[in-house]
Every structure is written in C-alpha cells, then in structure tokens.
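This report refers to the structure that appears directly beneath it.
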Amino acid sequence: MKQSSYTIHGRRNRWRENSLEGADENVSKKFDWYVIKKFGPYVGRYKGWTLVSVALMLLYTVLNLANPFLIGVAIDQFIGHNDLRGLAITGIVLIIVNVLMWQAQYWQVWSMSWAGQQILYNLSSDMFTHLQSLSLSFYDRTQIGRVMSRLQSDIDVLESMLSSGLLSMLGSLVSLVGIIIAMLAMNVTLALLSFTVLPIMFVIAAFWQRFAQRSFRRTRAAISVVNATLQENITGMRVIQSLAREERNRDEFDELNAYNRDTNLEASRIAALILPLVEVVAAMAIAITVLYGGVLVSQGSLKVGVLVAFTLYINRFFDPIREISQQYSQLQRAGVAAERIFQILETPVEIKDKPGAEELPQIHGEVEFRDVTFGYNRDLPVLRDFNLHMKAGQTVAIVGPTGAGKSTIAGLLARFYDIQQGAVLVDGHDVRDVTQHSLRSQIGVVLQEPFLFTGTIRDNIRYGRLEAADEEVAEAARAVGVHDLITQLPEGYDTLIRERGRNLSVGQRQLISFARALLADPRILILDEATANIDTFTELLVQQALKRLLHGRTALVIAHRLSTIKGADNIVVLQGGRIVEQGTHAELLQRNGIYASLYAMGFRHT
C-alpha cells in the first residue's frame, strides 16, 4: 500500500495480521461457553463466598416476593373488613421484611464484590506472570499498546461486570423464577395468559444478541487500536517532532479515533434498543392481565386483592427482565473483554525448560555455535550453518551490515529464541538442556539503548542483584566511573529516574547500565554498543568503563566503536547470515576485504 493511500482501513488491516489483532474481531460461535469454561477455575477458588452470596440472594428474593402478597392480603382480609389491628400488624410485618431485605442485599453485594475483586486480582496476576514468561518472538510481532489494552481497559470492563453487573443479573434471574412461581400459585390461568408475550421477548433477545455481540467485539478491537496508536506515538515523540510528523499523525489518529467513536456509538445504539422493546412487551402483558383479571373480578371469581397483588407481580416480573436487558449489554462487553484476556493467557510459551532440564553449573564462559540455522520466519533463515567458537575470557566483536544477523547471535546465546538446527553450547552444555534461569543468571546483557526502570539510581544498579549492599552498589559505580556523576546529583543514589531514564543523559544511562551489569557479575557478557553521539569526556568515561566491564569475562560485542573493535581478541564479519571474514583488526585490514571497507566507512552502517 502506498503511503498516500495509507487510510484507516489500511492501518487496521496491517494490525489485523498481528497474532492478537486477528483474534480481536473473530466472532466465536462458542463464545459464551468458552468464557464460562475459562472463568470456572477462578470462580471456584471462592465458591464459599459465592455460595454465601447466592444464599443471601435467595433470601432477598423471598422477602421481596412477600410484599405484593402482604398487600393483597391487607386489601382482601383487613381493608374490606375494616380490621385496623390486622392492617397495623401487616404494616409492621412489611417494615420488618424490608429491613431484612436491606440487610440481605447489603451483605450480598459486599460478598459478591469481595469475591469479584479477588478474581480480578488473580486474573491480573496470572496475566502479568504469563506475559513475563512469553518469548521475545511474541513481543516482536505484538504491539505493546494492544497488550496494555488487555491489562487495563479489558480488566476495567470485567471489574464493572464482576462488582455489580453479574450480581444484578443473577439477582434478577432468581427474582424472575420466584415471581413465576408466585404467579402460578395465585392463579394458573391468569399467569399462563400473561406468559403468552414471552415468545415475543425471546425472539427479540435472540436477534438483539446476534448484533450486540458482534458490535461489542468491534468496540474492544477499536479501543485496542487507539491505545496502541497512543502508546506508539508517545514513545516515539522525539522522532515524530524531529520529522515534523505531528500534523500527519494527528490526521491518522483522528481517523482511528473516529472509527472508535463510531463503533461505540453503534454499540450504544444497539444496547439502547433492547429496553424500549422490553417496555412494549411489558405493557402488553399488564394490559392483558388487567383486562382479563377485571373480567374475573366482575364475575366474582377473583378477589380485588388478588388482582392487585397479581398486577404488582406482573410489574415486578418485567422489572428483572428490564434489569437483565440493561445488564446483558454490559455482560456481552465483559464477555468479549474476558475472551480477549484469555487469548493472552492461552498464548503458548515458545521458549520453555524441557522436562528434566538441569541447573547450569558455575561456568568458565566458553561458547560455541555449532552448525546453527535460525530464522524468525522458518522459511527465511537469518543464520545458515553458522559456526563460531569463543574461548573463556575472550572478547569477540561482531561487525557487518544491517540485517546480517548480529543481534540474532546475541539473542540465541541468551536463548531468547530457539534455533531450528544445530546447537548453542555454553561450557559444553546445550542451552536447551539447562534451565533458562540458571543460564541467564550467568549472562549479562547490555542493550544498545540502555533501559532504566522507574525508581532510584540505586535500585536500577542492583536490579539484577537485589541483595547487594549499598557499598557494593557504590563500588560497581566507581568501577565504571559513574560514582562521581551520581554523587553530584542533589539526591545522589536516591535520585528518582523518570520513565526510561529521560532525566539523565545518554552517557549517564550507559554508565549506569554498565554498573548494573558489573554488579550482577556475569561470566558471559553480551554488549550491543550504543551508536548515539556523546561528548568527548563522556565517551572517554564509557570507554574506560567498558574495559573494566569486559575484563576477565567472555564478551560478545555487537561493535560500533572503532576502539572496541580494535581491542577485540577476534573480529567476526557477518554477511547474509554467514561468517565471511574472521581475525584480528590488523589481519582483517591486511586482507582488504569487507572489514576493511566497513572500517573505511567508520562503521557508520553496522
């Protein structure tokens, strides 16, 4: 698609290719049973509280049904006979019944809300834990904004349903059953006549559900797209402003936002449609009851009090139906949100410890790639029959043009991805035969763009070793030359770092990330050198820190700085997923091959 025709539809179609995106708008015929089945284990953990809530609901329903009956008795037995004592007793009973109703309803709401919050807590915890375990390949193909939509907005929809919507709907269903029993007990003929309108109600509900579920699924997908766009634009604001893309991005967002608005308006229109239809059917039932009941009263075969009580029951009969109609749209929205959440929870973990995986013992740091073939897409391998041996304590610099496979090698060593053929060995152990934790705890990774977490500088340095003492943190900072820079800050090591460390310079972030890696003391270090320009003084600090960091460790360096490359024990030149040259800096320059050409260009494109 050309840029000029990059419309809302094109953007939505592109995102629909995403593993989550395609699922967002997929209408499952087994939707309801799927959600119920998945929710079962979460509800089962709190079945005691659920049963208490149901018992209170039944008590509330019985007490609520007593009101029309007592009013009917008062009309026929006491008002007609001018029995003031009976009326007084009936009034007192009505007050007691309603006080008990209030108590039952209060504790019912509280118990159900408590269980609902516990369910949401467990669901959110399971989602976060599962997201932590998902392989990097999932995040390579998934927009973070879409994941955040499930963690936030979908959970919010579920919270509304579990705290009030589901409770209200269950209460309405129980009330409906109780009212039907009471009506049949009072007058079977009148009750059956009133129920003749129910088939109309069922037909309306069936048609409405078909359109509502599809519409609500579209709204959840649209919200995810908007969230993903917001997250992408906020994260990339520096690039957006530097390229003067504000107006174009605003236009694109307006289109996406308009689609989100329109889908929500459509869903609101469909949700609003059901209630007036229920009111019409309710009016029909009341009219039939009053007409036929009036005839029976005039014939003397039905008491006035019974007709009044029956009319009250009819009105109450449609109250729960109205409430169900109102809550059903919320339940449909929540069901769609739950389905989207469970899609995340069912996303398979691609990188798993195999059964019987062993703990990797303390390593020396020898690394070997043996006949490795790997591709993010199996049909398009990035590495082909790749072989590389790294001795313990050796620094190997990987250079090559963009797309040659440099970062892929680093990812395979830490087992962020699994190879298709061959083996990756650490001290002779296949990385697939040992636990991921024991492997990665002995491998340090320093990213090209240093990532710092929200918190203090001290917390960031000991992120990989939480038990480290303050003096150990300071010693690591001194070793990489960042201690003096930290102590010059007003709060020193307690300085709060903003999101991604934006209140620090690029050089400061790099040095803090070096200190973090040094404190973790890995035997193998993977370093993707930063390409950002920094001032001469900071550059000198970074180079000195890098020497200390690499000393005594096996290091795989995706090198961009000439000084690092020159100091490497071995330089590997990649092209098209294969090693085309290998040797020291002097040896490769003498060959006058690809490395010499890259060196002449200053490695600007590596």
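Each reported figure results from applying straightforward, stated rules to the coordinates on display, with no laboratory input. Note that the structure is a prediction, hence the values are computed from the model and not measured. Positions of Cβ are generated from backbone atoms using ideal geometry, with glycine treated the same way; all protein chains shown enter the neighbour counts.
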- In nm, what is the difference between 0.36 nm times the number of residues separating residue 196 and residue 430 and their Cα-Cα distance? 77.0 nm
- Would you mind counting up the charge near residue 408? Only other residues with Cβ under 15 Å from its Cβ, with Lys and Arg at +1 and Asp and Glu at -1. +1
- Could you count how many Lys pairs in the chain have their Cα atoms under 20 Å apart, skipping same-chain pairs fewer than 8 positions apart? 10
- Note, residue 390: beta-carbon cut-off 15 Å, +1 each Lys/Arg, -1 each Asp/Glu, net +1
- How far apart, in nm, are two points set 7 Å out from the Cα along the Cα-to-Cβ line at residue 578 and at residue 230? 5.0 nm
- Item | Net +/- balance of residues flanking residue 208 in space, Cβ distance below 12 Å, scoring K and R +1, D and E -1 | +3
- residue 297 to residue 345: FRET efficiency via 1/(1 + (r/R0)^6), r the Cβ-Cβ distance, R0 51 Å, to the nearest 0.05? 0.30
- Query: Given the C-alpha centroids of region 290-354 and region 108-131, what is the distance between them in whole angstrom?
  - Reply: 24 Å
- Cα gyration tensor category, rounded, prolate or oblate, for region 255-365 with a/c compared to 1.5: oblate
- Query: For region 64-95 and region 439-493, what is the separation of their C-alpha centers, rounded to whole Å?
  - Reply: 77 Å
- Query: residue 418 to residue 471: FRET efficiency via 1/(1 + (r/R0)^6), r the Cβ-Cβ distance, R0 41 Å, to the nearest 0.05?
  - Reply: 0.55
- State to the nearest 20 debye the size of the charge dipole of the chain about its Cα centre, where the only charges are +1 on K and R beta carbons and -1 on D and E beta carbons. 1100 debye
- Subtracting the Cα-Cα distance from 0.36 nm times the residue separation, let me have the gained length for residue 249 to residue 125 in nm, one decimal. 41.2 nm
- Task: Just grab the label-to-label distance for residue 385 and residue 586, each label 7 Å out from Cα along the Cβ direction, in nm (one decimal).
- Result: 3.3 nm
- Message: Just want the ordering: 298, 513, from fewest to most Cβ atoms lying within 10 Å of their own Cβ.
- Response: 298, 513
- Task: Compute the convex hull volume of the Cα atoms of the chain, divide it by the residue count, and report the result per residue in Å³ as a whole number.
- Result: 213 Å³
- By counting other Cβ atoms within 10 Å of each Cβ, how are 310, 211 ranked from fewest to most? 211, 310
- Message: Between residue 102 and residue 266, what is the label-point separation in nm under the 7 Å Cα-to-beta-carbon projection?
- Response: 4.7 nm
- Item | Footprinting exposure proxy for 156, 418 (fewest neighbouring C-beta atoms within 10 Å first) | 156, 418
- Query: Per-residue ellipticity at 222 nm for the chain, helices alone: DSSP H runs ≥ 4 residues times -39500 (n - 2.57), over residue total, nearest 500 deg cm²/dmol?
  - Reply: -20000 deg cm²/dmol
